[in-house]
Amino acid sequence: MDIQEIVQRVVDEVKRNMNSPKNDIDQNKEETIYFPEERIKGVDKPHNAASIERAQSITPARIGIGRTGTRMLTTSYLQFLIDHAAAQDAVLRDVSDDFLQNMGLHKLETRANDMKSYLMDLDAGRKLSDEAIKYLEKNGEKGKDVQIIVCDGLSSSAVEANVVDLLPALIQGLKLKNISVAKPFFIKRARVWVQDEVAAIVNCDLVISLIGERPGLNTDESLSAYMIYRPTEKTVEADRTVISNIHKDGLTSVEAGAYLSDLIEQMLRAKCSGVTFARQRNVNM
């Protein structure tokens, strides 16, 4: 049997396998792949294992993952790819309509019509669409102490992971302090400064934006809370107070809700936010 005949037999065998009913079933069958979530300790026979464990306990960075030859271990490399994919999904995926409906959040949009314009044109995410302006002018609750807005920002995953617990805790904390709260709503493809336009329309004392942070390779679920007292056209970044790293391995959602309500109460009393509020707070401590 010559080489050409052997090759032809192999080709025929592959074709038969590809066309078999069993193969069709296997192709349509979904396979669940289980991957370890615990941190990898890949250094083989370390000189100081305690120092590696101590370093891993205080940072989410990829420390002590080991190597094989000149490259990282396969498990570490696969975890890197998984984390990278999760970060991309967090930016590009929308917050689901079912989630917004379950949370009772009406959806508004900015002037960023798509993700490309949102990422490339900063001003587009800082301004409400004409439809959103008309909705707020007609339906927004005016003259309240606090207006809460939820924004996808750069991570829809952060919104879905944290707002479920954070929003009720925040609202409850404010109401227990006799602080009036307007009905929260959601703004798609929003940047922080959109809160200034919202505050002007609803005439609130303080507006707080719960917005998804830029995802990294350690977590794609980190949320920030930006607060500002009575913003104007002269408002700058230093006028805003921000609490960041709200996620399960940072400041947890429920803790954040309680802490933010205390912080907002202090800002309303001081009638300021940002650097001015921080200075007053330090003087009074």
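The values are calculated or read from the model by the stated rules, or taken from the named source; none is laboratory data. Treat the numbers as computed from the prediction; the structure is a model and nothing was measured. Don't worry about glycine lacking a Cβ; one is built from the backbone with ideal geometry, like all the others, and counts go over all protein chains shown. What goes into the accessible areas is simple: the full protein's heavy atoms, side chains included, and nothing from ligands, DNA or RNA. Shrake-Rupley method; radii C 1.70, N 1.55, O 1.52, S 1.80 Å.
Where only protein heavy atoms count, and the probe is 1.4 Å, what is the accessible area per residue for the stretch 208-285 in Å²?
Accessible area per residue: 54 Å².
Determine the per residue accessible area of the stretch 119-200 with all protein chains present and a 1.4 angstrom probe, expressed in square angstrom.
With all protein chains present, the stretch 119-200 gives 43 Å² per residue.
What pairs from LYS138/LYS175; LYS127/LYS188; LYS107/LYS138; LYS134/LYS234; LYS142/LYS177 go past 22 Å between their alpha carbons?
LYS138/LYS175; LYS134/LYS234
Along the Cα→Cβ direction, 7 angstrom out, place labels at ILE133 and SER244. What is the inter-label distance in nm?
Those two pseudo-labels are separated by 3.1 nm.
Can you figure out the FRET efficiency of ASP97 with LEU176, using R₀ = 35 Å and their beta-carbon distance, to the nearest 0.05?
Working from the Cβ atoms, E equals 0.65.
So how do ILE201, ILE82, ILE179 rank on accessible area, 1.4 Å probe, biggest first, that is with the largest at the start?
Solvent-accessible surface, decreasing: ILE82, ILE201, ILE179.
In square angstrom, rounded to the nearest 10, how much accessible surface does ASP249 have for a 1.4 Å probe?
130 Å²
Restricting to bridges with both residues inside the stretch 91-200, how much of the DSSP beta-bridge set is antiparallel, in percent to the nearest 5?
Details: 1 of 9 bridges.
Around 10 percent of the beta bridges assigned by DSSP in the stretch 91-200 are antiparallel ones.
From the square roots a ≥ b ≥ c of the eigenvalues of the alpha-carbon gyration tensor of the stretch 156-285, which class results: rounded (a/c under 1.5), prolate (a/b over b/c), or oblate? It would help to have the intermediate numbers written out before the result.
On the way: a/c = 1.42, a/b = 1.31, b/c = 1.08.
Taking the square roots of the gyration eigenvalues as a ≥ b ≥ c, the stretch 156-285 is rounded.
Would you mind telling me the share, in percent, of accessible area of the stretch 196-285 contributed by carbon and sulfur at probe 1.4 angstrom? List each step's numbers first, then the result.
Values: 2200 of 4560 Å².
Carbon and sulfur atoms account for 48 percent of the accessible area of the stretch 196-285.
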